[in-house]
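Undergrad: First the structure, then my questions, so here it is.
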C-alpha cells in the first residue's frame, strides 16, 4: 500500500504496529485522506489478522486531535453529512471486529474522533499526564460524537460518566479516564510497548460499564433518567439555541447505546445537526479562535517576569492569573494593606485551580508583594492597573521609567483612555501598549492588545505572546475611545436604562437579552461590572460621541450604589447573586429585543468602519469572547449578514424614527 499518513510494521511476535503521523501537519487529525488510508490498512489486516494490533502516534505532541474541522465547511447537505459519518463509523466498526486484540496507545491529546477511534479498540493504554487530554468536545461545535462515540462511551463507561463527558464537552485527565473505565492501563513512556504486548497476551474481556450503570440504560429505567439529564443541560443552555446536547439525550433515551440501532441514529442526528445554523456558527467560532491565536509574530524576547502596579480587583487578579500560568510576578501598591486582599484572593484561586500541594506552593511563591516597586528593574513587562485617571497614570509612568529596563514593555490596563493621551510624557512612547483585561480575569478569555499608529511591532509581538502564554485570546485594537468591547457594550447597557425609564421591569429586560442568547442581561451586567465603571466609560464615550450620560446612573453612583461590589445597584446582591424580583406589569413591546441588540450590532459596524480592528472576523471574535455575544449566532457582523443587512438597517431606521438618533444606521453598512 502507498501510505502517506500511516506506517504499518509487524514484529517477530506477529503483532502489527500501526503508527499515525499525518504528513505536513504538526498534529494528527482524521482528515478524509487519513480515514481512507486507515480503511485500506484495516481491510488488509482483516484478510490476514495479526496476533494483535497496536495503534499509536508518531507525533510527540499527542495521539489524535479529532476530525479535520476544515473539511466540515465543505459538507453542505444532511445527506452528504450522513454519508461521511457512516463511512467513519464503518472504519471503526472494522477495527472493533478485526478478529485479534487491539490496543490504542495514547501519548497525549485524544479528542473527538481520536477518542472515538480509541474506544473502538479492545484496550486503551495511556502514558501518564496531568493535563486534561481525553475528551469528546463535539458539543462545543453544535454536534455530538459521530463515529460511534455516543454508543461506545456509554457501553464502556456507563450512562453518567459518558453523558458528563459528552454533554459538557470538557476533557478529563488520564487518571480520571482510568477511574471511569475509559483507560485500561497507564504505562511509563519507556515501557508502553511492553505494556501493549502484555495486554494483547492477556486477552482479557473488554472493559464494560459497571452493573449499576448498565442497569440505568435498561429500557424501563431510561424514562426516569432522561428528565434529570435534561434538567442538568437546561440549567446551562436552551434547546432552541444549542440543540446538540438535547439530541444526545434523546438518542440515548430511545436506543440505550444499542449496537443494532444506535449507530444509525447517531449518524442521522449528527448529519442533521451539522447543517444547522448553530453548528455552522460554532464551527466558525472555532476558526475565529485560531485567528485570534494567530495574531503577532514570534518575539525576540520572551516575557517571564511581570510587575503589576495596582492591587485592586483587576490588578490583583491579573497578577494572580499570571503567577498561576507560570510567570514570576511582583505586585505593587501604595501600602501593604492594599496588597493583602489581592494576595488572599490569589490563594483562593490557587487552591481552586491547583490540586497538587507542592505545585500550589510553587505557584504561590511566584507571586510576591512589592510595596517599594523593586520588581520594576527586572521585569520584562510592567502592567499599570490603577484607577482610570489620566494625570495619575502619567505621574506613575514617570516613576516607572526611572527604574525599568530599556528593553522592557510598559503596558496599561486602561479600559477607555486613549493611549495617545496616556503616553505624552514617555521617553519611549512607541514601546507603550494597552493590555486590557476583563473582569473576572480568571473567567474572561479575551484581552485587548491596544496599539497606536507608531507602536513598535516588537512590543506588540511581546504583548501578543504574553497574552497567549497565559491562556487568553488577544485582540489587536487601534487606540480609540472604549476600544472594542466597552464601546460595543456601552449602547447595550445604556439602552437598557432607557427601557427602565420607559417603565419596563428590570427582570423583563434581562430576560429578553438572555432569550437572544446573551450570557446575562444588561442590567445584571452593569451591576456586575460596577455602576461606577459603567458611568466612567459612559462619560468617556459620551464626550467622544456626543452621547448623554443617564441621570439615574449618575445619581446611583453618587448614592454609593455601585452594583455587586457594594451589595446594591439596580438589584440587591446577596453572596454574589442578584436578587431579581419577578417579572411583572405590562408585556414588553415587541421591539424590545431589537432595541437592546441592534445598538451593539450598529456600534460593531462603527468599530469596523473606523479601523479599530483589522477585519470583520476579528471583530466578531472579539465581541464573542469579550462580551459573551451569543456564540451560536457567530458574532454581531455575522448575525447582521444572516439576518440580512438591508433588513437590519431598515429596522434601525424604524427604531430611530420611534426613539431617536441613537439608532441611526452607521455609514459603514452601505459598504457591506
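Undergrad: At a Förster radius of 60 Å, what calculated FRET efficiency corresponds to the Cβ-Cβ distance of residue 260 and residue 552, to the nearest 0.05? Walk me through the numbers before you get to the answer.
TA: Values: r = 63 Å, r/R0 = 1.06.
Using R0 = 60 Å, I get an efficiency of 0.40.
Undergrad: Work out how much length residue 74 to residue 198 would gain on full extension: take 0.36 nm times their residue separation and subtract the Cα-Cα distance, in nm to one decimal.
TA: Working: separation 124, 0.36 × 124 = 44.64 nm, distance 4.28 nm.
Difference between extended and current length: 40.4 nm.
Undergrad: Now a separate question. What does DSSP give for the chain in terms of the percent of beta bridges that are antiparallel, rounded to the nearest 5? All intermediate terms of the calculation are to be shown ahead of the outcome.
TA: Working: 15 of 60 bridges.
Roughly 25 percent of the DSSP beta bridges within the chain come out antiparallel.
Undergrad: Per-residue ellipticity at 222 nm for the chain, helices alone: DSSP H runs ≥ 4 residues times -39500 (n - 2.57), over residue total, nearest 500 deg cm²/dmol? Write out the running numbers ahead of the final one.
TA: Values: 27 runs with 322 residues, N = 672.
Here the helix-only value at 222 nm equals -15000 deg cm²/dmol.
Undergrad: Using only Cα atoms, locate the centre of region 1-71 and the centre of region 76-119, then give the distance between them in Å, rounded to an integer.
TA: Answer, in whole Å: 12.
Undergrad: Largest first and in whole Å, give the semi-axes of region 6-275's equivalent ellipsoid, each being the square root of 5 times a Cα gyration tensor eigenvalue. Mind showing how you got there, number by number?
TA: Values: eigenvalues 167, 88, 60 Å².
Semi-axes (√(5λ), whole Å): 29, 21, 17.
Undergrad: Can you order the peptides 429-442, 558-571, 625-638 by their average number of other Cβ atoms within 10 Å per residue, highest first? Walk me through the intermediate numbers first.
TA: Details: 429-442: 20.4, 558-571: 18.0, 625-638: 23.6.
Listed from highest to lowest mean packing, they are 625-638, 429-442, 558-571.
Undergrad: Moving on to the next point. Between residue 354 and residue 642, 0.36 nm times their residue separation minus their Cα-Cα distance comes to what? The partial results should precede the final answer.
TA: Numbers: separation 288, 0.36 × 288 = 103.68 nm, distance 4.26 nm.
Using 0.36 nm per residue and subtracting the Cα-Cα distance, I get 99.4 nm.
Undergrad: Additional query: Give me the percent relative contact order of the chain, please, defined on Cα pairs under 8 angstrom at least 6 residues apart. Walk me through the numbers on the way to the answer.
TA: Details: 1195 pairs, mean separation 58.2, N = 672.
RCO, the chain: 9 percent.
Undergrad: Any idea what angle helix 592-609 forms with the longest principal axis of the chain, computed on alpha-carbon atoms, 0 to 90 degrees, nearest 10?
TA: Helix 592-609 sits roughly 90 degrees off the main axis of the chain.
Undergrad: With the contact rule set at Cα under 8 Å and sequence spacing of 6 or more, what percent relative contact order holds for region 291-354?
TA: Numbers: 65 pairs, mean separation 19.8, N = 64.
Dividing the mean separation by the residue count of region 291-354 yields 31 percent.
Undergrad: Okay, moving on. Using only the Cα atoms of the chain, each taken as one equal point scatterer with no solvent, compute I(q) by the Debye sum, divide by I(0), and report log10 of the ratio at q = 0.05, 0.09 Å⁻¹.
TA: For the chain, the Cα-only Debye profile gives -0.27, -0.88.
Undergrad: Something else about it: Evaluate the relative contact order of region 339-490 (contact order divided by residue number), counting alpha-carbon pairs under 8 angstrom at least 6 apart; express in whole percent.
TA: For region 339-490, the relative contact order is 17 percent.
Just so you know, all these numbers are worked out from the coordinates, no wet-lab data involved. On a predicted model such as this, the values are computed, not experimentally measured, just so you know. Don't worry about glycine lacking a Cβ; one is built from the backbone with ideal geometry, like all the others, and counts go over all protein chains shown.
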